[in-house]
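Below is one structure, written out as structure tokens, with a few remarks after it.
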Amino acid sequence: MSTSSKNVTLVVTHQCNLRCRYCYEKHKDNHRMTLSKALEIVDYELNLDDNIDKVEIDFFGGEPLLEFELIKQVIEYVKQKKYPKEYIFFITTNGVLLDEEKKTWLKQNSDYLQVGLSLDGTKEMHDINRSNSFDKIDLAFFKETYKDQDIKMTISDKTLPYLFEGVRFCEDFGFEVSCNLAYGIDWNDPINEFYYERELKKLIDYYLDHPSQKPCALLEVNRLKGVLVEDKDALRHCGAGWAMKSYDYDGTFYPCQHFLPISIGEDLAKTALDIDFENQTTNINNLNKECQTCILKNVCPTCYGENFSATHDINKKDMSLCKLNKIHFKALGYFVSKGFERGYFKDMDKNTLACLLKAAIKINQEIDK
């Protein structure tokens, strides 16, 4: 398997200054990466002869800005050197620790280091999820400094009833929104199905009524194309171990951050080191029995790390999100069908639109049959 770009994660600290209610990192401790180890990894990855042209190096935690000085020193070091690969550094942060000095430096180095904000919707939603931290975030700084960077909005069971309100709040502020249902919480209560269906429909109806507003990433309809794929192997959604690499604080390499000891514990993390991700495919016959005949088997979101954490098998899913995923794809089908009726997709290529409509019809016929 080959790729011309990859993501390399450096876990610079296991510590965090917040206690988010859905956090999947259940094994936090006081470990932190040394500057010498960080520079060693960066030099290795940016000089590695591996047919990779572009590298995104992500500083990760915990909360990475707890190690702001280390990050600053790495960037200043790299700026003085020449590497054979293109690169960009990236951080996802809770935004709480930024003072004026840090913001000034980040602005000056935005060509080297991009910063994404975790913002879980309105103040009420964010504070429910993320330790009452909303008022400590300078939203204007992120909007002005990182104009093309979307915000990461994580939806918990407690904020799901307000999904529409949260997305629209962020969009009205000027952010594009990338949102997802949180891992590591119990989604089995049937009331979640009601809320998810209701909130997705509210979003879709809003976008249909306001065609100038770009839909949030949750409603990207092109993902429906995979419904029509008839390949023996399910489509691989996860780049763990080949397009993604993660280095723990001590330099130990893992397939991605979901396989780290901080996420799944020392014992289980050790067993992940023996998995051959380079040649990994997801054969239909290796999936959960329920998944093998599902209409969504080629498009259902697959996180190998989450699978491994829940079932100890990268191909076996935690089924707690199954019904919500079906609701999601039925909503995408609704979006395409209603959008076609109202001329919303008039600028879309006709063959692409025909493919999406066919997928929408198939989903409506097959799901929950």
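The values are calculated or read from the model by the stated rules, or taken from the named source; none is laboratory data. Predicted, not measured: the structure shown is a model, and the values here were computed from it. As a convention, Cβ positions derive from the backbone with ideal geometry for all residues, glycine included, and neighbour counts pool all protein chains shown. What goes into the accessible areas is simple: the full protein's heavy atoms, side chains included, and nothing from ligands, DNA or RNA. Shrake-Rupley method; radii C 1.70, N 1.55, O 1.52, S 1.80 Å.
Selection within the stretch 167-190: residues that are of a type outside the set (D, E, K, R), more than 25 Å from Lys26 (Cβ to Cβ) and not in a loop (DSSP other than H, G, I, E, B). The member of this set that is most open to solvent (accessible area, probe 1.4 Å) is Phe173.
Selection of first residues in the stretch 107-128 that are in contact (Cβ under 8 Å) with a residue 12 or more places away in the chain and under 15 Å from Gly95 (Cβ atoms) and of second residues that are assigned to a strand (DSSP E or B) and of a type in the set (Lys, Arg), restricted to Cβ pairs under 9 Å at least 6 apart or on distinct chains, gives the following pairs, ordered by first then second residue: Gly116/Lys152; Leu117/Lys152; Ser118/Lys152; Leu119/Lys152; Asp120/Lys152. Summed over the stretch 140-160, the residues that are open to solvent by 20 Å² or more (accessible area, probe 1.4 Å), in contact with a Phe, Trp or Tyr (Cβ under 7 Å, 6 or more places away or on another chain) and without any contact (Cβ under 8 Å) to a residue 40 or more places away in the chain give a count of 2. With respect to Ile363, is the statement that it is modelled with pLDDT under 95 and not in a helix (DSSP H, G or I) true? No, not satisfied. Per the listing Ile52, Ile57, Ile88, Ile75, the residue uniquely at pLDDT below 95, under 19 Å from Thr9 (Cβ atoms) and not hydroxyl-bearing (Ser, Thr, Tyr) is Ile52. Among the residues of the stretch 33-52, those that are open to solvent by 70 Å² or more (accessible area, probe 1.4 Å), under 19 Å from Ile71 (Cβ atoms) and in a helix (DSSP H, G or I) comprise Ser36, Glu40, Tyr44.
Residues that are within 19 Å of the chain's Cα centre (by Cα), touching a residue at least 24 places away in the same chain (Cβ under 8 Å) and surrounded by fewer than 15 Cβ atoms within 10 Å (Cβ to Cβ) do not occur anywhere in the stretch 59-71.
Scanning the stretch 237-257 finds one or more residues that are surrounded by 14 or more Cβ atoms within 10 Å (Cβ to Cβ), touching a Leu at 6+ places or on another chain (Cβ under 7 Å) and assigned to a loop (DSSP other than H, G, I, E, B).
Report yes if Leu98 is of a type in the set (A, V, I, L, M) and open to solvent by 60 Å² or more (accessible area, probe 1.4 Å), otherwise no. Criteria not met by Leu98.
Residue count for the stretch 199-211, restricted to those that are open to solvent by 80 Å² or more (accessible area, probe 1.4 Å) and either in contact with a His (Cβ under 7 Å, 6 or more places away or on another chain) or touching a residue at least 24 places away in the same chain (Cβ under 8 Å) (or both): 3. What is the residue count in the stretch 2-36 for residues that are closer than 18 Å to Gln73 by Cα, of a type in the set (Ser, Thr, Tyr) and within 19 Å of the chain's Cα centre (by Cα)? Of the residues in that region, 1 qualify.
Against the test of being in contact with a His (Cβ under 6 Å, 6 or more places away or on another chain) and within 21 Å of Leu218 (Cβ to Cβ), the options Gly333, Gly305 yield a single qualifying residue, Gly305.
Is it the case that some residue within the stretch 11-32 is of a type in the set (Val, Ile, Thr) and surrounded by fewer than 21 Cβ atoms within 10 Å (Cβ to Cβ)? The answer is no, given that none of the residues of the stretch 11-32 is of a type in the set (Val, Ile, Thr) and surrounded by fewer than 21 Cβ atoms within 10 Å (Cβ to Cβ).
Taking the stretch 304-346 as the range and being at pLDDT below 95, surrounded by fewer than 18 Cβ atoms within 10 Å (Cβ to Cβ) and not in a helix (DSSP H, G or I) as the test, the residues that pass are His312, Asp313, Lys316, Asp318, Lys346. Looking only at residues in the stretch 101-128 that are under 28 Å from Asp43 (Cα atoms), of a type in the set (S, T, N, Q) and not in a helix (DSSP H, G or I), the one that is least open to solvent (accessible area, probe 1.4 Å) is Asn109.
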